[in-house]
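Asks: Following this message is one structure expressed as structure tokens.
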Amino acid sequence: MEMADQQIRNLWDFLLVYNKMTELCFSRCDVCLNKGAGKLIRSNHCLMGAYVKLMPSIVQRRQTEYENETWQLNQQAVENVLPVHENVTSE
């Protein structure tokens, strides 16, 4: 019986040490994860700030390009239509 009690005591001691080690490990991981998450949030905030600053100029540039393309297409359409009218009126 004394041997069984000794084994139970050894198991109990092992589980206590294991529990303390896992608590310590998880608390350190938690601190590390929080620091990493904080860095990620700060960098994401910085990137979003840059995006917000640049977006209006990008939209303006795209709108200007679209308007220029539309104007060129209209000009080509006008050029293609005018010769047809000239041919019809010259007959």
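Asks: Among the listed residues Leu47, Leu73, Leu16, identify the single one that is surrounded by 10 or more Cβ atoms within 10 Å (Cβ to Cβ), within 23 Å of the chain's Cα centre (by Cα), assigned to a helix (DSSP H, G or I) and modelled with pLDDT of 90 or more.
Replies: After applying the criteria, what remains is Leu47.
Asks: A further question on this structure: Among the listed residues Glu23, Glu79, identify the single one that is modelled with pLDDT under 90, among the charged types (D, E, K, R) and assigned to a helix (DSSP H, G or I).
Replies: Selected residue: Glu79, the only one of Glu23, Glu79 that is modelled with pLDDT under 90, among the charged types (D, E, K, R) and assigned to a helix (DSSP H, G or I).
The values are calculated or read from the model by the stated rules, or taken from the named source; none is laboratory data. Please read these numbers as outputs of a predicted model, since none were measured by experiment. With ideal geometry, Cβ positions are generated from the backbone for all residues, glycine too; neighbour counts draw on all protein chains shown.
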